[in-house]
Each structure stands twice: as structure tokens, then as C-alpha cells.
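The values are calculated or read from the model by the stated rules, or taken from the named source; none is laboratory data. In this text the structure is predicted, and so the values were computed from the model without any measurement. Here Cβ is always computed from backbone atoms with ideal geometry, including for glycine, and neighbour counts include all displayed protein chains. Note: areas computed on protein heavy atoms with side chains; ligands, DNA, RNA excluded. Shrake-Rupley method; radii C 1.70, N 1.55, O 1.52, S 1.80 Å.
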Amino acid sequence: MQNRNSRVENGTSASLVQNGLLGDVDMKALKLMCSDDELREWMTKPFSVGNQTCATNGWSLLVVDKKSDYPDMSDKTKSVYPVELSFTNKLEISKVKAAIDKIPLIDCFDKVVSKCNACYGEGEVEYEFEHKGRTYEIEHECPVCEGEGQTEQVSKIPNGKKEIDSSKYVKLGVNRLNIERVLELIKVAELKGVDEVLYQLPVGNRPVAFKIGEDTILFLMPVAVAVDIDDCPNIA
């Protein structure tokens, strides 16, 4: 059984600074926040908003001092940033981790890769059809494995490991934040080497803003779900 008191430090949000990573921490943070959604290509790499460099995954937006002449995407972020900010609340990262420790652990399952039984691993299949008395044949990408030649399924048997339930939430004021978003906050704070951040609660349907160090801002979008907020651990 995994030690609940050490899972944040030794798990997803292990201290990147203490592990000795070198280089430009801002660029590391930006890459951390980039999306892997190929359908929204502009989110897969850093971009500019005025004199700042940003990155987003659609739920979080990271803002740092300008790093390079990336394409300006101000029109994409104008509903979130730039905005007037006033940071008056403090939040200790240790308290955030303590709240996350109250989130239940769930079983982990391995992914099982096997040869596609539709194309027998070839990635292509032959189609045959008739039209006006004639028979036609065509060889095309296998629709079952999408040309990969193999399929991937999740095992029904737990592998004995545990992980934080990423579907859960924590609360900050009257706002609920998904665990994945809070882990992003911890990662960026550790990259910047800070153990305390400032934050501004949103007005209306806007994200929570966190000031991390002197020159980094992280916006996290709260969620509106049918969950009793009293059931969510409080991070502040």
C-alpha cells in the first residue's frame, strides 16, 4: 500500500528542482502546460500575448516573461488574459499537498497490447463489394486498429499499484478545482523553487489566478459539477 503522506512528494508532483533539472525553468514550465491535442495545434506549443509568453492546455494558462518571438495569440486568450490582477491571498504549497493526501487512491490497470485479430497485424484489410453485377476488391487501412496492426485494451485486473483519483476535486473558497489542475500548480511552484504562492479568486465565470514567484502567473479554470463542495478537501 502506498504511503499516503509521501505520495505527492514521490509521485506525479515530485520536486523537479530537488531532482536537479537544469536549464530554463520557464521553458520547462511552458512545455509542461502545452496541450497534446493535435486538433488544436496552436495549443501544442508556447505563444505570445503582448510582451508575455504563454502556454495552455485548454483548462490552465501559464504566463511568464517573454522568451521568444512566438506567434501572438491575444485573440485566443482575451477572455482570460490580460486582465487586471490583485493578489492579496497567500497559499502554502505544503497545505495544498496535505489536502491532496485526503483524496482517495484508486487501483491502477495495465494496458495490454495485442495483435489486431481483424487484419492479423498487417494494418490493412481487403474489401469486396458488388455493383451492377461486377465484383470489386480494394485494400485499405484496417478500420479496427486504424492501420496500427495492434489494439490496446485496459486489463480488468488491477496491477497492485495505486494512484490519486484524478476525477476528484479540491476547493478554494467557493471554487472547485480538479486534482489535475492543482497538481499543475504544484509542479510549476516546484520548478520555480517556491513554497508559497499568491492567488486571486475569480469574479463570475473566470479562472483562479495564482502568482508564482515574481514573474509567473498560472490561471486555473474552476469547474461547475454536481458535487457537494463540502465533500471536497479545502486547500486554503
Look at the range 175-204 and say how many of its residues are touching a strand residue (DSSP E or B) at 6+ places or on another chain (Cβ under 8 Å) and not hydrophobic (A, V, I, L, M, F, W, C). 11
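Out of the residues in the range 195-212 meeting the condition of being among the β-branched types (Val, Ile, Thr) and farther than 14 Å from Lys97 by Cα, tell me which one is most open to solvent (accessible area, probe 1.4 Å).
Out of the qualifying residues, it is Val203.
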Restricting the range 213-234 to residues that are at pLDDT 90 or above and assigned to a loop (DSSP other than H, G, I, E, B), the residue that is least open to solvent (accessible area, probe 1.4 Å): Gly213
I'd like to check something: does the range 103-117 contain any residue that is under 30 Å from Gly213 (Cβ atoms) and in contact (Cβ under 8 Å) with a residue 40 or more places away in the chain? yes
Being modelled with pLDDT of 90 or more, open to solvent by 80 Å² or more (accessible area, probe 1.4 Å) and aliphatic (A, V, I, L, M) is the filter here; which residues of the range 115-161 pass it? Val144, Val154, Ile157
Kindly indicate whether any position in the range 172-186 is out of contact with any Gly (no Cβ under 8 Å at 6 or more places or on another chain), open to solvent by 50 Å² or more (accessible area, probe 1.4 Å), modelled with pLDDT of 90 or more and assigned to a strand (DSSP E or B). no
Taking the range 52-98, which residues are more than 17 Å from Ala29 (Cβ to Cβ) and of a type in the set (Phe, Trp, Tyr)? Phe87
Going through the range 22-58 in order, the residues found to be among the small types (Gly, Ala, Ser), closer than 16 Å to Val80 by Cα and within 16 Å of the chain's Cα centre (by Cα) are Ala55, Gly58
Among the listed residues Lys76, Lys95, identify the single one that is assigned to a helix (DSSP H, G or I), touching a helix residue (DSSP H, G or I) at 6+ places or on another chain (Cβ under 8 Å) and farther than 30 Å from Gly149 by Cβ. Lys76
So, in the range 49-68, exactly how many residues are touching a Ser or Thr at 6+ places or on another chain (Cβ under 8 Å) and open to solvent by less than 50 Å² (accessible area, probe 1.4 Å)? 11
Residue count, the range 128-182 (criterion: among the small types (Gly, Ala, Ser) and touching a residue at least 60 places away in the same chain (Cβ under 8 Å)): 1
